[in-house]
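The values are calculated or read from the model by the stated rules, or taken from the named source; none is laboratory data. Keep in mind the model is a prediction, meaning the values are calculated, not measured. Note that each Cβ is placed from the backbone with ideal geometry, even for glycine, and that neighbours are counted across all protein chains shown.
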Amino acid sequence: MSGRIKHSMRVAVRVAAAGAVLFATDVLGAPPVQDACNKVAAQPLKIEGATTRIYKTVAGADLRLHIFNPGNFRPSDKRAAVIFFFGGGWIEGEVEQFVPQSKYLASRGMVAVVADYRVRCRHNSTPLDSIADARAAILWTRSHAATLGIDPKRIGAGGGSAGGHIALCTSVFDEQAGADGAAASSAKPNALVLFNPVIDMTSKTRPEWALGLGLTSDQVENISPLQHVHRGLPPTLILSGKADKTTPYSVAEKYCFEAVGMGNECHLVGFDGAGHGFFNVKWYRQTLLETDRFLTSIGYLPQPAPSEIP
């Protein structure tokens, strides 16, 4: 097993554990945020192999994008790009989670970015803040596209679990769902790559669960993508474990069914026996191959897509 996959596996286990803590509140009540926060480290200021830029400063915190460029990259290029948001139940999580995927996609010719954003343990934030940050990351990238060598019309967003949720929210909702002044049209992605994303928030809306996130039950419903599917959404790939009890496969099926019924492009790929956080462990190569095929099909990566991931 390569070093990058070993590192990715360690991150995935920690992130999956965070999600399990949060979603266990269906039975146990409000999430034990303080217990989880005691073990949360600060995010790195830099990541090896990446160019780091600050895209937002809020409440004294600098939020960073770590940008992986192709080997033959020039600032005058107009490359497709994707911005990944880590998982961790809006409570914690590590910005390095999607570094392996980002390095691979950069090797295939696109610009790949991993984004830090506010989470409860580090910033005493709510999911509304996380969504606002995801929107700001996309907006900053698009507004700096000319100097980053990026095509502003080919900026995708992706992420896992809660990170997949905030990526999806930037597309489904207008700016008031995570308001911080960003222009709605400029902050929307042109494509989505989602790994076991949280799509339905309403199944978790017991008052103590919402309170644990710093939200009211109404606010939770207002950031639940499943209840707000509409026309005009970008091409979407959802990768979901069929044994996932945290973000069930059946919910992803329902979302894609409704999205396609409204004229959107939505591709769902299920993985038998896979639970939550599966995409960086046993199924790393399979999910990355599906990601490559999807991004190739929409013109973000050059033809042909590979038959396997080395």
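For segment 173-201, the set of residues classified as more than 28 Å from Lys245 (Cβ to Cβ) and modelled with pLDDT under 90 consists of Asp174, Glu175, Gln176, Ala179, Asp180, Gly181, Ala182, Ala183, Ala184, Ser185, Ser186, listed by residue number. The set of residues in segment 255-310 that are under 24 Å from Ala81 (Cα atoms), in contact with a strand residue (DSSP E or B) (Cβ under 9 Å, 6 or more places away or on another chain) and assigned to a loop (DSSP other than H, G, I, E, B) comprises Asn264, Glu265, Gly277, Trp283, Ile298, Gly299, Tyr300, Leu301.
Each residue in segment 202-231 was checked for being surrounded by 15 or more Cβ atoms within 10 Å (Cβ to Cβ), modelled with pLDDT of 90 or more and in a loop (DSSP other than H, G, I, E, B), and 3 pass. In the condition set (1) at pLDDT below 50; (2) more than 19 Å from Ala137 (Cβ to Cβ); (3) of a type in the set (A, V, I, L, M, F, W, C), Phe73 is compliant with all but (1). Taking interchain pairs and intrachain pairs at least six residues apart, which have beta carbon atoms under 9 angstrom, with the first residue in segment 271-282 and more than 15 Å from Gly160 (Cα to Cα) and acidic (Asp, Glu) and the second at pLDDT 95 or above and buried (at least 24 other Cβ atoms within 10 Å of the Cβ)? Hits for this filter: Asp272/Gly241.
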